[in-house]
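The values are calculated or read from the model by the stated rules, or taken from the named source; none is laboratory data. Quantities reported herein were computed from a predicted structural model and do not represent experimental measurements. Reconstructed Cβ throughout: ideal geometry from the backbone, glycine too, with neighbour counts over all protein chains shown.
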């Protein structure tokens, strides 16, 4: 579930923290022991009062801007869930959603794909503005429309019933559509947003449990729990907790420096650590290490277009039989990953456990050679692999290159920055295999649809470069909420697998590492981002 890319470079000194918001874990310098086991400068904070409580969080990206509808980056995702709120939110990947600003929602009898949404009538933002149905409609259909177009495009109409109720009619009956709309748009006060000269980029005003009190570009963000947080009448749900008074976010882009920050006490918690970075903390009693799973399955998308040698099914099957997925897991991530049997993992509710029992192109180089001969390539061939510059993808590509060479296939690896990859992936003459990651917030069928539907692009070709009528029919059936079941999902899975269109390899494990003042790193959301206010700490008695 985690975003594990690490950018290169800057080390942030403990001296940049805001005066008066010092670390509970100590600020003395420290270093790793010569044995490779992490040392610790943690100070016990069990007797600290809530009002004096502070947690220092290392993040790998600078938010840059705090407006609710700006282009997202890692720094924004690592901070702004504490500041802004949606109508509802997933409690875990593939799990139920619970209302945040929405008190309840229900289908409207006799009106297809139409729902009534009731808001709490006492929601206020950090400036004391009350949130009403007008603000919800404005956030979706005006202020946030361009940012959330991928979701709001499914809204047919959205109408105010009264100040705290509205009715929404959807254009689609696809599974997950309502959930995506409820969970993926931050709601703000219209007047506050329109009166802001920079659309809240520097002075965010949200309804969330924390407010930003200071920011130093490229260095730090400080948040404080709101004394006037609006939800006091109902039990809190995940993302609403205020288990610490002050959150200091320290921007430390490089993984090695994040580890040092944990040891010196500059950071109390680091999320999305790789297995190799977390290893030295695992057997140290001064730290808690929580294993998570990245929902983004590392996947091969096969170019089935006529411009590629992989338009030949036998060639695609030969490539997959020649690759040892477990070997790639051992070589690329030291065995710290979940082996996948589809484009998704165990966190998705519509991944059937029976799929694990199939062949799924289990490593068989002899069979790969037979298929190549049958395909007309007894002496092998050359294929081109497109991927980005992420370290993990580079390691996986190199291991694939070695496996494929054993059956006579020469793999040419072409790595580009992600923005360029997004361009080249639609030029089906430029590659044969695309190594990327695929994921969805709730159902794996949504991930399948986003890659394989022929309705996503003007040329009506999917990510494999084809327009397959039978595949489209299977996708449509499996995606519809009335026919989304084990049978329709298995029929779709079998067709994709038999035709070697997509091939899921692994979902890596990532780790949340904290000092002992963090008793439970339970504040990781459905997309793998840490919500520090939801963690449990020694002062939460």
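Among the residues of region 522-541 satisfying the criterion of being assigned to a helix (DSSP H, G or I) and touching a strand residue (DSSP E or B) at 6+ places or on another chain (Cβ under 8 Å), which is surrounded by the most Cβ atoms within 10 Å (Cβ to Cβ)? So that I can check it myself, show each step before the final result.
Of region 522-541, the ones assigned to a helix (DSSP H, G or I) are 532-534.
Then drop every residue that is not touching a strand residue (DSSP E or B) at 6+ places or on another chain (Cβ under 8 Å), which leaves 532-533.
Numbers: 532: 29, 533: 22.
In this case the residue turns out to be 532.
Might you let me know whether region 357-379 holds any residue that is closer than 19 Å to residue 493 by Cα, crowded, with 16+ Cβ neighbours inside 10 Å and in contact with a helix residue (DSSP H, G or I) (Cβ under 9 Å, 6 or more places away or on another chain)?
Scanning region 357-379 turns up at least one residue that is closer than 19 Å to residue 493 by Cα, crowded, with 16+ Cβ neighbours inside 10 Å and in contact with a helix residue (DSSP H, G or I) (Cβ under 9 Å, 6 or more places away or on another chain).
Taking region 339-351, which residues are under 19 Å from residue 92 (Cβ atoms) and surrounded by fewer than 17 Cβ atoms within 10 Å (Cβ to Cβ)?
346, 349
Any residue in region 324-347 that is farther than 29 Å from residue 277 by Cβ, in contact (Cβ under 8 Å) with a residue 40 or more places away in the chain and in the same structural domain as residue 502 (by TED's automatic domain parsing)?
No: region 324-347 contains no residue that is farther than 29 Å from residue 277 by Cβ, in contact (Cβ under 8 Å) with a residue 40 or more places away in the chain and in the same structural domain as residue 502 (by TED's automatic domain parsing).
Please give the number of the condition residue 67 fails out of (1) within 23 Å of residue 187 (Cβ to Cβ); (2) modelled with pLDDT of 95 or more; (3) surrounded by fewer than 18 Cβ atoms within 10 Å (Cβ to Cβ).
(3)
Condition test on residue 259, is it closer than 24 Å to residue 337 by Cβ, assigned by TED's automatic domain parsing to the domain that holds residue 45 and either within 24 Å of the chain's Cα centre (by Cα) or surrounded by fewer than 19 Cβ atoms within 10 Å (Cβ to Cβ) (or both)? Step through it out loud before you land on a result.
Numbers: closer than 24 Å to residue 337 by Cβ: yes; assigned by TED's automatic domain parsing to the domain that holds residue 45: yes; either within 24 Å of the chain's Cα centre (by Cα) or surrounded by fewer than 19 Cβ atoms within 10 Å (Cβ to Cβ) (or both): yes.
Criteria met by residue 259.
Can you tell me which condition residue 109 does not meet? The list is (1) in contact (Cβ under 8 Å) with a residue 60 or more places away in the chain; (2) surrounded by fewer than 15 Cβ atoms within 10 Å (Cβ to Cβ), and all the others hold.
(1)
Among the residues that make up region 209-217, is at least one of them at pLDDT 95 or above, within 23 Å of the chain's Cα centre (by Cα), under 25 Å from residue 532 (Cα atoms) and surrounded by 16 or more Cβ atoms within 10 Å (Cβ to Cβ)?
yes
Return the residues of region 471-521 that are without any contact (Cβ under 8 Å) to a residue 40 or more places away in the chain, in a loop (DSSP other than H, G, I, E, B) and either surrounded by 24 or more Cβ atoms within 10 Å (Cβ to Cβ) or touching a helix residue (DSSP H, G or I) at 6+ places or on another chain (Cβ under 7 Å) (or both); say none if nothing qualifies.
Scanning region 471-521 gives a single hit, 483.
Scan region 381-389 and tell me whether some residue there is surrounded by fewer than 22 Cβ atoms within 10 Å (Cβ to Cβ), within 30 Å of residue 526 (Cβ to Cβ) and either over 18 Å from the mean Cα position of the chain (by Cα) or in contact (Cβ under 8 Å) with a residue 60 or more places away in the chain (or both).
Within region 381-389, one or more residues are surrounded by fewer than 22 Cβ atoms within 10 Å (Cβ to Cβ), within 30 Å of residue 526 (Cβ to Cβ) and either over 18 Å from the mean Cα position of the chain (by Cα) or in contact (Cβ under 8 Å) with a residue 60 or more places away in the chain (or both).
Hey, does region 426-436 have a residue that's under 24 Å from residue 474 (Cα atoms), out of contact with any helix residue (DSSP H, G or I) (no Cβ under 8 Å at 6 or more places or on another chain) and surrounded by fewer than 18 Cβ atoms within 10 Å (Cβ to Cβ)?
Yes, that holds for at least one residue.
Could you check residue 268 against (1) surrounded by fewer than 22 Cβ atoms within 10 Å (Cβ to Cβ); (2) over 20 Å from the mean Cα position of the chain (by Cα); (3) in the same structural domain as residue 249 (by TED's automatic domain parsing) and say which number it fails?
All conditions pass for residue 268, except number (1).
Working only within region 429-462, note down all residues that are within 27 Å of residue 529 (Cβ to Cβ) and modelled with pLDDT of 95 or more. Spell out the reasoning first.
Applying the first criterion (within 27 Å of residue 529 (Cβ to Cβ)) to region 429-462 yields 434-451, 456.
Selection gives 434, 435, 436.
What is the one condition in (1) out of contact with any helix residue (DSSP H, G or I) (no Cβ under 7 Å at 6 or more places or on another chain); (2) at pLDDT below 95 that residue 306 does not satisfy?
Among (1) out of contact with any helix residue (DSSP H, G or I) (no Cβ under 7 Å at 6 or more places or on another chain); (2) at pLDDT below 95, the lone unmet condition for residue 306 is (2).
Please specify each residue of region 72-81 satisfying the condition of being farther than 15 Å from residue 184 by Cβ and not in a helix (DSSP H, G or I).
Taking region 72-81 first, the residues farther than 15 Å from residue 184 by Cβ are 73-75, 78-79.
Answer for region 72-81, where residues must be farther than 15 Å from residue 184 by Cβ and not in a helix (DSSP H, G or I): 73, 78, 79.
Give region 82-98 a look and list any residue that's surrounded by fewer than 18 Cβ atoms within 10 Å (Cβ to Cβ) and either assigned to a helix (DSSP H, G or I) or out of contact with any strand residue (DSSP E or B) (no Cβ under 8 Å at 6 or more places or on another chain) (or both), or say none.
Of everything in region 82-98, those that are surrounded by fewer than 18 Cβ atoms within 10 Å (Cβ to Cβ) and either assigned to a helix (DSSP H, G or I) or out of contact with any strand residue (DSSP E or B) (no Cβ under 8 Å at 6 or more places or on another chain) (or both) turn out to be 92, 95.
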